[in-house]
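Trainee: First the structure, which I've put down as structure tokens, then a few questions once you've had a look.
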Amino acid sequence: MKQITKHTIIIISSLILSTCGWHLRGTATNTKPLPDIQLNSLAYSELSNELQRAIIGNGAKLAAQAKLILTVQNPIFERRTAVLDNRGLAAEYELNLSVAYQISSGDCTQASNCQTQNYTADTIRYFLVNPDKPLETNSEEQLLRQEMHQTLVRQIIRQLYRHHSTSDTSN
């Protein structure tokens, strides 16, 4: 009897979670695929490489000319000391990464037919510093920077989906 009740609770809980739209990060399925995208950014930046992989991974193609244009500015990275220890050395750092980008859709050969919106994506992370182990601190910072780039890419991809779905309904 206890196992039946336990299984029933698990089934009901999973049904409630699935009907409310909850999902694990990165596992959401988008009903509408993205169209071809023209990506304008720095060719050799880490963020640009991540964006290219994410766009292709979401079923879109990168094209030289496309109806959906993503223009990404240079990302801005800042590291500042958030906390000092009793010796006056940094005990915690705050890492900020932000990027301005623009999404254009429609026939952008004529300015009157082009729908353009400007956005900013940013992310902040904190991490503790061990002044006695600088190599560990550097490797942790590198891992956090990679995570931050991935977070920005997810934000941009979500905004591309939103922009694409709203531009389809307005046409």
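Trainee: What ranking, highest mean first, results for peptides 153-163, 87-97 when packing means the other Cβ atoms within 10 Å averaged over each residue?
Mentor: Going from most to least packed, we get 153-163, 87-97.
Trainee: Order R80, R145 by their accessible area, 1.4 angstrom probe, all chains in place, largest first.
Mentor: Working: R80 125, R145 70 Å².
Solvent-accessible surface, decreasing: R80, R145.
Trainee: Then there is this: Where a Cα-Cα gap under 22 Å defines reach, which lysines qualify for K32, not counting those fewer than 8 residues away within the same chain?
Mentor: Output for K32: K61, K67.
Trainee: Right, another one. How much of the DSSP beta bridge set in region 36-119 is antiparallel, as a percent to the nearest 5?
Mentor: Of all bridge pairs located within region 36-119, approximately 80 percent are antiparallel.
Trainee: Report the calculated FRET efficiency for E46 and R154 (r = Cβ-Cβ distance, R0 = 22 Å), to the nearest 0.05.
Mentor: 0.90
The values are calculated or read from the model by the stated rules, or taken from the named source; none is laboratory data. Predicted model only: the values in this text are computed from it and were never measured. Cβ atoms come from the backbone with ideal geometry, glycine included; neighbour counts cover every protein chain shown. Please note that ligands, DNA and RNA were not included when accessible areas were found on the heavy atoms of the full protein model with its side chains. Shrake-Rupley method; radii C 1.70, N 1.55, O 1.52, S 1.80 Å.
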